[in-house]
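Working notes for the structure below.
The values are calculated or read from the model by the stated rules, or taken from the named source; none is laboratory data. Note that this is a predicted model, so its numbers are computed, not measured. Using ideal geometry, Cβ is built from the backbone for each residue, glycine included, and neighbour counts are taken over all protein chains shown.
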């Protein structure tokens, strides 16, 4: 079995081969100067690593569902690929539920989370047998009414916020004292209310927590899970039976965006969880996980042609077709979301030459549309290519339509002998589609008022 370092090096090599093949095979053209690439081999390897990591720390026979957080990469072919790797879906909207269903993920392998579920959304999930995690007391009241009105096979639980603290990116931290998610476990009276809620509702059989996020330290994530396990034990002691039979520990494993290394690994996190809350893994509880970014991020690349180069204030600037429309978080919060940039020549080969400090700019009409600022790279020239690395999650799948820039095409790739094969995941957005989305069919609607 190859080492982690060998696997990371192999992934980087596949990426270089895919960039060259994308240029040679004409995926980038004058009319389509930006594309997104997904490493199918790498995605399969990440899914296998996830299964292996938790199998190593759970008792034999423990039911474990790994549900992919659809928000990370909401593309039906990706969900279908993960389904074939034994991964279900965690959804947070009617749209994501529809995507999971379109990918063939069965209801019993789907989990619905969201802080703002409508009655119709809850009704559909319960009717289909999708697992539901109530996010608040008021939502549980709604579920009460729906359960009384019609029988449901859905497992139902309550999401708790263990309030263990936040990570380095405040906007993503879900376990702070004032987080909008879940029932705040340390607030006055909250713990007693939760225990009573389970005692009064024998059909409440799950407990959910999501304390992880990018920038969150692993020990703090594990503490949130451990406190939720302790609560499950308390509930079961109070009711006198094993009513809570499954703990959903969420996801949020951070990703190393600074190198090709896969760090931290699922194996490291699973071992830490087993050390922190050993009783959770002894076979008495089923487990659900909801990883997203960590499954896909390392396997995505946004590739764009350099349209022009210039100099401003003595600094070289490469103007490309990848900017805020594909890397919104990076452009608006570069300190929290820096991206590695790789330089390739006009033929898609790694660019050679001494490093030069330069900006890599996007196409949008505001000064801050930069993929990278003052970055040392081989000097980019007109017709070269730049690749934004580790963009398989929360990048090309979440398009930002500034300047009515088109969504790029997304292509999966895999080695095929001495070449690389591509498959369409999502076609590039066309200009007529942009017009339609922008109200084109209703051109005269305002003039008639």
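A few points about this structure:
- Qualifying residue in the range 174-182 (condition: at pLDDT 95 or above, in a loop (DSSP other than H, G, I, E, B) and surrounded by 14 or more Cβ atoms within 10 Å (Cβ to Cβ)): no
- Hits in the range 18-34 - residues which are in a helix (DSSP H, G or I) and under 22 Å from residue 393 (Cβ atoms): 18, 19, 22
- Residues located in the range 347-363, provided they are without any contact (Cβ under 8 Å) to a residue 60 or more places away in the chain, within 24 Å of residue 26 (Cα to Cα) and over 27 Å from the mean Cα position of the chain (by Cα): 351, 352
- Residue match in the range 367-388 (condition: buried (at least 17 other Cβ atoms within 10 Å of the Cβ), within 30 Å of residue 103 (Cβ to Cβ) and touching a strand residue (DSSP E or B) at 6+ places or on another chain (Cβ under 6 Å)): yes
- Hey, residue 92 surrounded by fewer than 24 Cβ atoms within 10 Å (Cβ to Cβ), over 26 Å from residue 160 (Cα atoms) and touching a strand residue (DSSP E or B) at 6+ places or on another chain (Cβ under 8 Å) or not: no
- Filtering 170, 189, 157 for residues that are modelled with pLDDT of 95 or more and either over 24 Å from residue 218 (Cα atoms) or surrounded by fewer than 17 Cβ atoms within 10 Å (Cβ to Cβ) (or both) leaves a single hit, 157.
- Scanning the range 35-50 for residues that are out of contact with any helix residue (DSSP H, G or I) (no Cβ under 9 Å at 6 or more places or on another chain) and either within 17 Å of residue 269 (Cα to Cα) or not in a strand (DSSP E or B) (or both) yields a single hit, 48.
- Scanning the range 313-332 for residues that are touching a residue at least 24 places away in the same chain (Cβ under 8 Å) and over 16 Å from residue 32 (Cα atoms) gives 315, 316, 317, 318, 324, 327, 328, 329, 330, 331, 332.
- The number of residues in the range 277-331 that are in contact with a helix residue (DSSP H, G or I) (Cβ under 8 Å, 6 or more places away or on another chain), closer than 30 Å to residue 57 by Cα and part of a strand (DSSP E or B) comes to 2.
- Restricted to the range 192-227, and to residues there that are at pLDDT below 90 and outside any helix (DSSP H, G or I), the residue that is farthest from residue 91 (Cα to Cα) is 217.
- Among residues that are assigned by TED's automatic domain parsing to the domain that holds residue 389, farther than 19 Å from residue 81 by Cβ and more than 21 Å from the chain's Cα centre (by Cα), residue 18 is not included.
- Residues of the range 85-106 that are free of Cβ contacts under 8 Å to residues at least 40 places away in the same chain and closer than 18 Å to residue 63 by Cα: 86, 88, 89, 105, 106.
- When the criteria are applied in full, residue 255 fails the requirement of being assigned to a strand (DSSP E or B) and either free of Cβ contacts under 8 Å to residues at least 12 places away in the same chain or in the same structural domain as residue 56 (by TED's automatic domain parsing) (or both).
- Of the residues screened, residue 232 is one that is touching a strand residue (DSSP E or B) at 6+ places or on another chain (Cβ under 7 Å), more than 23 Å from residue 256 (Cα to Cα) and buried (at least 16 other Cβ atoms within 10 Å of the Cβ).
- Each residue in the range 132-153 was checked for being more than 15 Å from residue 120 (Cα to Cα) and either within 24 Å of the chain's Cα centre (by Cα) or not in a helix (DSSP H, G or I) (or both), and 5 pass.
- Listed by position, the strands (runs of 3 or more DSSP E) contained in the range 334-449 that have at least 2 residues being closer than 18 Å to residue 21 by Cβ and either at pLDDT 95 or above or not assigned by TED's automatic domain parsing to the domain that holds residue 82 (or both) are 341-344, 385-389, 409-416, 419-426.
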